[in-house]
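Structure record follows, encoded as structure tokens.
The values are calculated or read from the model by the stated rules, or taken from the named source; none is laboratory data. Computed from a prediction, not measured in an experiment: that's the story for all the values here. Cβ atoms come from the backbone with ideal geometry, glycine included; neighbour counts cover every protein chain shown. The area values use the complete protein model at the heavy-atom level, side chains included, leaving out ligands, DNA and RNA. Shrake-Rupley method; radii C 1.70, N 1.55, O 1.52, S 1.80 Å.
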Amino acid sequence: MGDRTMLKNYYFDVTDQWQGRIDSEEDYDAFRWHQRIRPLDLNSVTEPFSGPLGFGLIGFCCDLGVKRNKGRAGAALGPNLLRKKLSNLPCVFDPGVSLYDCGNIVTDGIELEEAQSILAEAVQKILSLNLFPIVMGGGHETTFGHYMGELAHEKEILEEKIRSGRKDESSKVDLGIISFDAHFDMRPYDGGASSGSMFRQIADICEKEEMPFAYMPLGIQRHSNTVSLFKEAERLGVPYMLARTLQYGSREEVYEHVDDFMYQHKNAYMTICTDVFSTAFAPGVSAPQALGLDPQAVVPIMKHILRTRKVRGFDICEISPRFDQDDTTASLGAVLIFTVVVTLCQLNGLAVNVGGDYYG
């Protein structure tokens, strides 16, 4: 796993968050996630995961970027509420599938940029352990740290190919980003990074390092982005889709758009800002969307993207408990994480099949 530096502002023991109903202590078919989750300390683990499929969940307890963006703070409390909502989900996967809780990164006494750097290191460690990272934000500034961790891991793989003489002309870092969001999040960051600047930052990094800027936002709202941001998206060749197309357009049109993007890239990661959804489903966000999406329009697209087998990580952001009436947004977030886990289990032949159909 390379240089084993210790993660700062990192707390791995969050077992008290995993509590729930117990229907049986012997019958695995009656188990829930809180009976299967195991703590994993990224500062001490050394052996990579060797099972058929493993997931590493980590919380990014940060809304410093939301505050800089003058949004409604509160998403720093999102990870622990998500854990509570995940606890009672059914175990609809093979017992060989492993769920690890890798703890939380907190921002006490540090600035946003340092927190994002710590998250990047944590994500890189999770990937190096052969686990699929699921990052629970936090504001959408989460995605910059997640991206940098994914990028570092891709570079690590390329460097190993070079050392072993396995590099060929097709060997290059190629990491696409699929973002479900009402906003482009490509604002200038001369005054500092925020939850609205991540993809502009990534575009600049890609230009500097001569890599393709591969960013596909889905669910963009015209009333939530300035004309300047639309022009910037056009300048950078960003293949966005409007929310109304996802909600009311044909599924075939959306899939064709997604397939064109995924075909061009070797690897990708997926991020969801919960403000892409209507306030009916996601009231607890920094920037509520009265005309946002119905989750029923988003889940099939998520599954379609995951079935390309190119997605290497997932994050969900902007769940703010202080505004989340009846924990509605957190409950939705838990279902979306469930969708990711179950779909990947299906792809690996590790999901429960009942009555000729996959559970979930």
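In this structure, A120 qualifies as under 18 Å from E156 (Cβ atoms), under 18 Å from the mean Cα position of the chain (by Cα) and not in a strand (DSSP E or B). Within segment 10-40, can you find the residues that are modelled with pLDDT of 95 or more, surrounded by 14 or more Cβ atoms within 10 Å (Cβ to Cβ) and part of a loop (DSSP other than H, G, I, E, B)? Selection gives W18, G20, F31, R36, I37, L40. Consider segment 28-56 and keep the residues that are in contact (Cβ under 8 Å) with a residue 12 or more places away in the chain and of a type in the set (A, V, I, L, M). The one that is farthest from L82 (Cα to Cα) is V45. Identification of helices (runs of 4 or more DSSP H) wholly contained in segment 208-273 with 2 or more residues that are within 21 Å of the chain's Cα centre (by Cα), at pLDDT 95 or above and aliphatic (A, V, I, L, M) yields 243-248, 251-263. When segment 194-233 is filtered for residues that are within 22 Å of L64 (Cα to Cα) and charged (D, E, K, R), the ones remaining, listed by number, are R200, D204. Here segment 290-308 is the region considered, the condition is being among the hydrophobic types (A, V, I, L, M, F, W, C) and at pLDDT 95 or above, and the residue that is most open to solvent (accessible area, probe 1.4 Å) is V299. Scanning segment 311-357 for residues that are modelled with pLDDT under 95 and among the acidic types (D, E) yields one hit, D357. Answer yes if at least one residue in segment 176-191 is open to solvent by 10 Å² or more (accessible area, probe 1.4 Å), touching a residue at least 40 places away in the same chain (Cβ under 8 Å) and either closer than 22 Å to K303 by Cα or touching an Asp or Glu at 6+ places or on another chain (Cβ under 8 Å) (or both), and no otherwise. Looking through segment 176-191, at least one residue is open to solvent by 10 Å² or more (accessible area, probe 1.4 Å), touching a residue at least 40 places away in the same chain (Cβ under 8 Å) and either closer than 22 Å to K303 by Cα or touching an Asp or Glu at 6+ places or on another chain (Cβ under 8 Å) (or both).
The sole residue among V354, V342 that is among the β-branched types (V, I, T), farther than 18 Å from I220 by Cα and surrounded by 17 or more Cβ atoms within 10 Å (Cβ to Cβ) is V342.
Residues that are touching a Pro at 6+ places or on another chain (Cβ under 9 Å), in a strand (DSSP E or B) and not hydroxyl-bearing (S, T, Y) were ranked within segment 82-104; the one that is surrounded by the fewest Cβ atoms within 10 Å (Cβ to Cβ) is V97. Would you pick out the residues in segment 230-245 that are over 20 Å from T274 (Cα atoms) and hydrophobic (A, V, I, L, M, F, W, C)? The answer is F230, A233, L236, V238.
If you check G51, G71, G139, which single one turns out to be at pLDDT 95 or above and either under 25 Å from G284 (Cα atoms) or open to solvent by 30 Å² or more (accessible area, probe 1.4 Å) (or both)?
On the way: G51 fails: at pLDDT 95 or above; G71 fails: at pLDDT 95 or above.
So the residue among G51, G71, G139 that is at pLDDT 95 or above and either under 25 Å from G284 (Cα atoms) or open to solvent by 30 Å² or more (accessible area, probe 1.4 Å) (or both) is G139.
Evaluated against (1) part of a strand (DSSP E or B); (2) open to solvent by less than 20 Å² (accessible area, probe 1.4 Å); (3) hydroxyl-bearing (S, T, Y), Y147 falls short on exactly one condition, (1). Give the residues of segment 310-331 that are open to solvent by 20 Å² or more (accessible area, probe 1.4 Å) and under 24 Å from L64 (Cα atoms), sorted by residue number. Hits for segment 310-331 are P321, R322, F323, Q325, D327, T328, S331. Going by the structure shown, is A287 modelled with pLDDT of 95 or more, closer than 23 Å to I337 by Cα and open to solvent by 10 Å² or more (accessible area, probe 1.4 Å)? Spelling it out, it is not the case that A287 is modelled with pLDDT of 95 or more, closer than 23 Å to I337 by Cα and open to solvent by 10 Å² or more (accessible area, probe 1.4 Å).
Residues in segment 242-283 that are touching a residue at least 60 places away in the same chain (Cβ under 8 Å) and more than 29 Å from A152 (Cα to Cα): 1 in all.
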